[in-house]
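Data block below; observations after.
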């Protein structure tokens, strides 16, 4: 299951510690989305689907780029990419 949490840091940390105490594995996914520039042909199929604008295109050169700090791991880009240049690694 993938969930996004927001709120005060102290409360978030308390909630995470509580879940860990119940045996729930916690893993940050923001850095687990992998964009393979070698596979990407810069077709821009993923760009319009990305709600957080983690994927963007430099229109002057028509080159796609990926900013993992903006990624919310929604998975929409995976379905859009016909070349499998984007994957989620667990």
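Here, each number is a calculation from the coordinates, and none is a lab measurement. Small disclaimer: the values here were computed from a predicted structure and weren't measured. Don't worry about glycine lacking a Cβ; one is built from the backbone with ideal geometry, like all the others, and counts go over all protein chains shown.
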Exercise. Once the Cβ-Cβ distance between residue 38 and residue 9 is put in as r, and R0 is 41 Å, what FRET efficiency do you end up with, to the nearest 0.05?
Worked result: 0.65
Seminar exercise, completed: Computed over the chain: longest principal axis from alpha-carbon atoms vs helix 9-21 long axis, angle to nearest 10 degrees, is 70 degrees
For this session: Please express the shape of segment 1-56 as an equivalent ellipsoid: the semi-axes are the square roots of 5 times the eigenvalues of the C-alpha gyration tensor, given largest first in whole angstrom.
Result: 33, 14, 8
Problem set entry | Chain lengthening between residue 28 and residue 61 when straightened (0.36 nm per residue, less Cα-Cα) | 8.6 nm
Exercise. Quick one: what does P(r) look like for segment 29-88 with 10 Å bins over all Cα pairs, in whole %?
Worked result: 25, 62, 12, 0
